Every structure is written in structure tokens, then in C-alpha cells.
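Participant: Next up is a structure, given as C-alpha cells.
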Amino acid sequence: MRLPLQAKIWVTSLLLVLVAADPTLLRAAPPQDKPLPNTPSAEATKESLEKAAAAGDATSMSNLGVLYEKGQGVPQDYQKAREWYEKAAAAGNAVAMYNLGVLYREGHQVPQDYQKAKQWFEKAAASGVVIAMNDLGGLYYDGRGVPQDFRKAKEWYERAAAAGNALAMNNVGLLYEQGRGVPQDYKNAREWYEKAAVAGYAGSIYGLGVLYEEGHGVPQDYQRARELYEKAASDGLAAAMYKLGGLYCHGQGVAQDYTKASTWWHKAAAVGNAEAMNNLGVLYEKGQGAPQDYQKAREWYEKAAAAGDANAMFNLAYLYEQGRGVTQDYQEARRWYEKAAAGGNALAMTNLADLYTHGQGVQQDYQKAEEWYEKGAAAGDSYAMFDLGAMYARGEGVPQDYAKAREWYEKAAATGDPDAQKALSALPIAPANPNAQSHYDLAVTADHQGDVDKAIAEYRRALAADPNFAAAHFRLGRVLKDSGQEQAAAEQFAAACALEPTNPQVCRK
């Protein structure tokens, strides 16, 4: 058995705490305020607007669109909102042009169409609507409806910033922080964030906090980061609440305090932060800041998973795999690992491979195991790299290939995996005796097909040709043990371990 999965789950959870600023969060434009006439009731507003619109007033047409979009005094109806915005836009109302762009960008009862969104934003921007300039920058930043172009994004952000838009100032800072469209420059990022913060944008106060937490462009200062996060949190920014929880969890700039971490993560979770929900699950699972409670852990993981958090999906899968707070259920574990893997969680890919290797919740399938290990390795998981090395070293599901085993062990060792380094030092340099290898390969095939007698016979022939074939001793031991021959199995395990005492792949049971 390789490194325990318990080690993995904690590493995953810690990574969540250390997540950097979320560019999507920082660029997300709040709904544009659209002024409505100051009338005594919504119904009176609708009637007065309809009269003015019938008389050709474009602003009233636009505001009628707002009523239907927001469902104020009328049933919410994006289709009617679009019709009124189109009438207003045709009459030259720039705010309606912008609002049409938003409808197409978001796909509100119209087919989502980023090109049409771009066209309407351009018309609104040409008429001086500043938020449209910022949102055009967002389309170029994301490559939606246009080829991704960070330089053009910067141009539009700068135009909006020059007109006083705080969100656009923040977004210019984000480009400098990320080095997109410009050379990475934390000093410029800080200056833009400061401008946006002065203009009242809480996201930039948060962005400044990230710079101080990471020591980017400023001396690392957790206390200053905490102060900035607290300011942003007081403005309701969930990401800042989440970050504060991380500082208390790790004792960075404050005394380590899981209870305070929990308090901040509860606040962030209450306003929809999925990472905070997941981390609350971790605290309950670990019994940190609260009594250990697998049931509550599962509830928080489920909330975070429902909000799309892949790490929570992984943690849920692990609970089902281990039977913690739930009945052990490998099929349910597989289902959640698959969801987490689809969300990009590399550890989930590796654990799916484990399930296929051991036939837990699925039919044993070494080919699928190899495929998932390769996906996990490609996503950077050192466990997957190690396990691929082990598969090739043992010839399990693949032809035994010490060169490939060495290649994967070296990749895992480069990430700092100490077990990979041990496996490398124990890996035979010379290939096995060809005759022994031939019988070994036949044995592995028979083993996979469930032909126990043939597997045992071929492993013994391999050992007759090469008594120092440690992998053959080990695999023969496994087959003997599975067939109830405990004493004979123990002898084979002992022989394997005696041959390669530092190799964790054969010196084990």
C-alpha cells in the first residue's frame, strides 16, 4: 500500500487555505445601478414610464426594461426587458445598449452570445458608458466573443479607469500582478490597487492584502494583510473573510486559533464562499476548533460540492472510501472522485486509479488504473507519478520496464517525494533474465485473468530461471496469500524483502 490517503486529504485542504486572489472575483462587475423615477409606488412607476415611453422618451423605455429585468412591480421577464432595451437603444439610449450587452453576456432568456454582448458594449462605450468600457476589457481578458488579448483588455480597463471607474483601476492592477499583457510588476499592481481602494472598491483592499500576505512588491507582512482583509470583510467581501480564516488557521500574523478560523469561514460560507464551506468540513473532520464530527464534516463538504468545489468533492469521496460518518461505499466514493477529477482535482484522479487497481467499487482494471494515474501525473500529483513508477517496476498491468519505472520515480522524486527516492535507489539497473521475464509476464497476465494455478506455476518458472527476481517473489506471495496459503506467501514476501530491503514496492505485504 502506498502513502496513506489520509495524508492526501490534509494536504488538499491546506492548499485550499493558501489559495491566491481569485481573478474572477476581482473582475466581477456588480449589477449596474439604473436610476428609476422617484414615484410613490412601483405600479405608478410602470404606468408613468409607459406613458412617457409611448411619447417617445428613450430613458423611460430603458427604465421599463429595468423594471422587467429586476421584477420590480411586475413579474420578472427578461424577454420584455430586452424588448424595451432594444426600443430605448434604437432611440439612442446608451444605458439600454449596455444593459442589452449584459443580457447577451449572461444569457438571460436570450441565447448567450458574447459577440452580441461585445457589439452592444462597444456602442455603449462609444456613448460614454464607463462600465461598458470595463466590461469590454473583461471580454478580451477572458477571450469571450473575441480572441483573448490582455493588451486590449488593458486598453479598455485604462479607458474606464481614466473615467474614474474603481473596478477598472483594480483590473489594471490585476494585469500587473499576473503579468498579463504587461511585464509582471507588483509595484504597479499595488499602486493601481491603492487607487481603486481610495475610490472605494473593496476588492482592491483585498488585493492589497494578498500582496502583503505573499510579500509581492512589499515586505511580507501578515499583520498588515490581516488589517486589509478585515477592511474588505467589513464591506462584505467573502474572499477576505476566507483569507482571514486562513491566517488564523496557520497562525500567520496572529496566534493560531482554529475557533477564530472557524468563525471567519462560517461568515464566508454564509455569503456563498465554497472554499470556506470545504474548510469548515476539514475542521470538523479533524476536530480542530470543534469536537470531531464526521457527520457535520460531510454536511459542509456536500454544501461546498453543491457550490462546485472540486476539493470538497474529493473530501466527500474520501469519507465514503473510508466509511467515516457514512457507510463505507466504494461506488459512492468513485462517483465523487469522478466529479472531483472532472473539476481538475489531481488527487481524485490518483485515487480513482487506486480504486481500479484494487477493484474497489469497480471491476479491477489495470489499464484504467494506468490511464487515471497518467492523468493525475499530468496534473502534477506526485503520488500518481510514484504509482506509475511502481506499476512499471512490478509489471502490474503493463510490461515490466525498469527504464520507465525509473523515469516516473525520478519525476516523483523531483517533487520532493522521499519514497520515490528510496524506490529509485532500490530499482535494479539491469533488466531481469529474459527467460524469467517471459514467464513473469505470462504469470501477470494469468493473474489478471483470475487463473490462479497458471499464475503460480508461471511465477515459479520465472523464479527457477532467476531466483533473485524480487518482483516475482512478491507477486507470487500475493497470489498465494489470496488463495489462502499464508505460510508459503510469507516465505515469498520474506525472500522479496531480503533481495531488495530498501524497496518499498517489494519489501511489504
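The values are calculated or read from the model by the stated rules, or taken from the named source; none is laboratory data. Keep in mind that this is a model prediction, so the values were computed, not measured. As a convention, Cβ positions derive from the backbone with ideal geometry for all residues, glycine included, and neighbour counts pool all protein chains shown. Heads up: the accessible areas ignore ligands, DNA and RNA and are worked out on the full protein's heavy atoms, side chains in. Shrake-Rupley method; radii C 1.70, N 1.55, O 1.52, S 1.80 Å.
Participant: Residues in the stretch 79-97: is at least one farther than 21 Å from GLN115 by Cα and open to solvent by less than 20 Å² (accessible area, probe 1.4 Å)?
Facilitator: no
Participant: Looking at ALA310, ALA261, which one is farther than 16 Å from GLU230 by Cβ and among the hydrophobic types (A, V, I, L, M, F, W, C)?
Facilitator: ALA310
Here's the yes/no breakdown for (1) assigned to a loop (DSSP other than H, G, I, E, B); (2) small (Gly, Ala, Ser); (3) at pLDDT 90 or above; (4) closer than 17 Å to GLN400 by Cβ:
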residue	(1), (2), (3), (4)
ARG461	no, no, yes, yes
ALA464	no, yes, yes, no
ASN468	yes, no, no, yes
ALA471	no, yes, no, yes
LEU476	no, no, yes, yes
ALA490	no, yes, yes, no
ALA498	no, yes, no, no
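Participant: Out of all the residues in the stretch 222-244, which are open to solvent by 60 Å² or more (accessible area, probe 1.4 Å) and not in a helix (DSSP H, G or I)?
Facilitator: Result: ASP235, single match.
Participant: Continuing with the same structure: Considering only residues of the stretch 298-316 that are free of Cβ contacts under 8 Å to residues at least 40 places away in the same chain and farther than 21 Å from ALA238 by Cβ, which is surrounded by the fewest Cβ atoms within 10 Å (Cβ to Cβ)?
Facilitator: Here the residue is ARG298.
Participant: Of the conditions (1) of a type outside the set (Phe, Trp, Tyr); (2) out of contact with any Phe, Trp or Tyr (no Cβ under 6 Å at 6 or more places or on another chain); (3) surrounded by fewer than 17 Cβ atoms within 10 Å (Cβ to Cβ); (4) closer than 26 Å to LEU167 by Cβ, GLY251 clears all except one; give me its number.
Facilitator: For GLY251, the exception is condition (4).
Participant: Assess whether GLN79 counts as being under 30 Å from the mean Cα position of the chain (by Cα) and either modelled with pLDDT of 95 or more or not charged (D, E, K, R) (or both).
Facilitator: So GLN79 does not fit the description; no.
Participant: Continuing with the same structure: Of the residues that sit in the stretch 317-356 and are of a type in the set (S, T, N, Q) and in contact (Cβ under 8 Å) with a residue 12 or more places away in the chain, which one is farthest from ALA390 (Cα to Cα)?
Facilitator: This residue is GLN331.
Participant: Return yes when PHE493 is over 18 Å from TYR392 (Cα atoms) and touching a residue at least 12 places away in the same chain (Cβ under 8 Å) and no when it is not.
Facilitator: Yes: the conditions hold for PHE493.
Participant: In addition: Let me spell it out: the conditions are (1) closer than 21 Å to ALA238 by Cβ; (2) surrounded by 24 or more Cβ atoms within 10 Å (Cβ to Cβ), and ALA274 meets all of them except one. Which number is the exception?
Facilitator: Against the list (1) closer than 21 Å to ALA238 by Cβ; (2) surrounded by 24 or more Cβ atoms within 10 Å (Cβ to Cβ), ALA274 comes up short only on (2).
Participant: What number of residues within the stretch 282-322 are more than 20 Å from the chain's Cα centre (by Cα) and closer than 20 Å to GLY361 by Cα?
Facilitator: Selection size over the stretch 282-322: 3.
Participant: Something else: Output the residue which, of all residues in the stretch 363-389 that are within 14 Å of PHE314 (Cβ to Cβ) and part of a loop (DSSP other than H, G, I, E, B), is most open to solvent (accessible area, probe 1.4 Å).
Facilitator: Ranking the qualifying residues of the stretch 363-389, first place goes to ALA379.
Participant: Please find, among VAL110, VAL74, VAL102, the residue that is hydrophobic (A, V, I, L, M, F, W, C), within 36 Å of the chain's Cα centre (by Cα) and outside any helix (DSSP H, G or I).
Facilitator: Result of the check over VAL110, VAL74, VAL102: VAL110.
Participant: Just give me the residues in the stretch 73-119 being within 21 Å of PRO147 (Cα to Cα) and of a type in the set (Asp, Glu), in sequence order.
Facilitator: Result: GLU106, ASP113.
Participant: So which residues in the stretch 181-212 are of a type outside the set (Asp, Glu) and outside any helix (DSSP H, G or I), if there are any at all?
Facilitator: The answer is GLY181, VAL182, PRO183, GLN184, ALA199, GLY200, TYR201.
Participant: With the stretch 396-457 as the region, which helices (runs of 4 or more DSSP H) entirely inside it contain at least 2 residues that are open to solvent by less than 50 Å² (accessible area, probe 1.4 Å) and free of Cβ contacts under 8 Å to residues at least 24 places away in the same chain?
Facilitator: 402-414
Participant: Right, something else. Do we find that TYR392 is open to solvent by 10 Å² or more (accessible area, probe 1.4 Å) and in contact (Cβ under 8 Å) with a residue 60 or more places away in the chain in this structure?
Facilitator: Considered against the rule, which asks whether it is open to solvent by 10 Å² or more (accessible area, probe 1.4 Å) and in contact (Cβ under 8 Å) with a residue 60 or more places away in the chain, TYR392 comes out as no.
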